[in-house]
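Asker: A single structure is presented below for examination.
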Amino acid sequence: MRRVGIVGAGITGLIAAAELKKAGIEVFLLDKSKSVGGRMATRRVEDGRADHGAQFFTVRSNEFQQDVNKWIGDKEVKKWFGDHHPRYQSINGMNALAKYLAKNLCVYVNRKVQAIDFQNGRYQLYTEENEIFEATDIIFTPPSPQVMEILNNSKLQADKSILKTLKFSPCLVAIVKLYEEVLYGDHGQLTNPSSAIQRIVNDQQKGISKTPSLVYI
Ligand SMILES: Cc1cc2nc3c(=O)[nH]c(=O)nc-3n(C[C@H](O)[C@H](O)[C@H](O)COP(=O)(O)OP(=O)(O)OC[C@H]3O[C@@H](n4cnc5c(N)ncnc54)[C@H](O)[C@@H]3O)c2cc1C
């Protein structure tokens with residue numbers, strides 16, 4: 001019997017788990033955070049809300065479009081703006097979509113995977129919390145430096161050459177609470193307002209916050 005262990009319950013892990021479950025394969029997810037979503041992150045700002053990770057997503061395949069149509073039908077997602085490759089947003093903040101996707105999945109949060117091993121035909125996932133989870137297959141979804149850390153802690157020999165080629169650049173996100181309403185174009189976002197800022201989003205105009213808050217990325 002296959003039992004897949006997925007490290008990370010961000011959008012990648014959640015969608016992979018849903019697909020495996022649909023195919024009748026037993027699957028569980030482990031995430032080091034206290035909740036699911038990873039970089040699909042939404043934060044409370046007093047009475048308001050701000051998405052401080054992904055702001056929107058686009059659809060590039062028919063299969064994904066079918067999923068998105070279901071999420072629209074379930075009132076989890078709506079089109080934010082754009083006609084050619086529309087930008088979709090989660091109606092209650094991007095993290096709410098992750099929580100909705102996690103609903104019928106087996107997710108263990110507050111579990112930081114530290115190392116893996118392979119014995120007796122199964123993988124063992126060792127957590128910082130001193131638990132061992134067993135799986136026939138493992139999918140890693142954290143950013144590559146975090147996957148490297150797990151592999152470097154493991155006795156298991158793994159080919160890390162592709163992981164080493166992936167580069168991540170740091171970025172700062174600032175959330176600014178305003179005491180007056182402002183309007184940014186038709187949709188509440190400015191793209192590339194300066195060389196250092198990729199995007200400014202007004203979460204009140206986006207419709208996820210009762211009060212005006214801006215996110216600078
Ligand atoms: C500021 C910002 C803005 C962005 N804007 C957009 C956008 O507008 N549109 C877009 O499409 N994309 C955007 N992105 C990119 C998008 O957010 C990511 O590509 C996507 O969310 C990544 O999802 P993921 O599941 O692959 O990884 P993550 O969301 O990073 O999930 C990985 C998960 O692994 C967990 N984890 C890590 N290490 C361990 C461990 N050792 N044990 C257990 N769990 C572990 C983490 O807690 C996390 O939940 C943005 C990203 C940022 C940071």
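The values are calculated or read from the model by the stated rules, or taken from the named source; none is laboratory data. Everything numeric in this text was worked out from a predicted model, so none of it was measured. Glycine gets a Cβ as well: all are built from the backbone with ideal geometry, and neighbour counts include every protein chain shown. Accessible surface areas use protein heavy atoms only, side chains included; no ligands, DNA or RNA. Shrake-Rupley method; radii C 1.70, N 1.55, O 1.52, S 1.80 Å.
Asker: Just checking, does segment 7-17 include any residue being open to solvent by less than 20 Å² (accessible area, probe 1.4 Å), assigned to a strand (DSSP E or B) and more than 25 Å from Gly207 (Cα to Cα)?
Answerer: Yes, segment 7-17 has at least one match.
Asker: Where in segment 22-74 are there strands (runs of 3 or more DSSP E), lying wholly inside it, with at least 2 residues that are touching a Pro at 6+ places or on another chain (Cβ under 8 Å) and not aromatic (Phe, Trp, Tyr)?
Answerer: Per the criteria, no element qualifies.
Asker: Going through Phe133, Phe168 one at a time, which residue ends up being modelled with pLDDT of 95 or more and either surrounded by 15 or more Cβ atoms within 10 Å (Cβ to Cβ) or within 22 Å of the chain's Cα centre (by Cα) (or both)?
Answerer: Phe133
Asker: Consider segment 91-121. How many of its residues are without any contact (Cβ under 8 Å) to a residue 40 or more places away in the chain and either part of a loop (DSSP other than H, G, I, E, B) or more than 10 Å from the ligand (Cβ to nearest atom) (or both)?
Answerer: 7
Asker: Considering only residues that are part of a strand (DSSP E or B) and either touching a His at 6+ places or on another chain (Cβ under 8 Å) or open to solvent by less than 80 Å² (accessible area, probe 1.4 Å) (or both), which ones fall in segment 75-90?
Answerer: The answer is Val77, Trp80, Phe81, Arg87, Tyr88, Gln89, Ser90.
Asker: Do we find that Gly185 is exposed (fewer than 12 other Cβ atoms within 10 Å of the Cβ) and farther than 24 Å from Ser33 by Cα in this structure?
Answerer: Considered against the rule, which asks whether it is exposed (fewer than 12 other Cβ atoms within 10 Å of the Cβ) and farther than 24 Å from Ser33 by Cα, Gly185 comes out as yes.
Asker: Can you pull out every residue in segment 23-60 that is more than 28 Å from Gly207 (Cβ to Cβ) and touching a residue at least 12 places away in the same chain (Cβ under 8 Å)?
Answerer: Within segment 23-60, Ile25, Glu26, Val27, Phe28, Leu29, Leu30, Lys32 meet the criteria.
Asker: Cβ-Cβ distance below 8 Å, separation of 6 or more or different chains: which pairs start in segment 142-169 with a residue that is over 30 Å from Ala196 (Cα atoms) and end on one that is open to solvent by 100 Å² or more (accessible area, probe 1.4 Å) and at pLDDT below 95?
Answerer: none
Asker: While we're here: So which residues in segment 34-53 are more than 9 Å from the ligand (Cβ to nearest atom), open to solvent by less than 20 Å² (accessible area, probe 1.4 Å) and at pLDDT 95 or above, if there are any at all?
Answerer: Ala50
Asker: Something else: Within segment 168-176, is even one residue under 30 Å from Phe118 (Cβ atoms) and in a loop (DSSP other than H, G, I, E, B)?
Answerer: yes
Asker: Among Gln157, Gln146, Gln124, which is open to solvent by 60 Å² or more (accessible area, probe 1.4 Å) and not in a helix (DSSP H, G or I)?
Answerer: Gln157
Asker: In addition: Does segment 6-33 hold any residues that are within 6 Å of the ligand (Cβ to nearest atom) and not charged (D, E, K, R), and which are they?
Answerer: Val7, Gly8, Ala9, Gly10, Ile11, Thr12, Gly13, Leu30, Ser33, listed by residue number.
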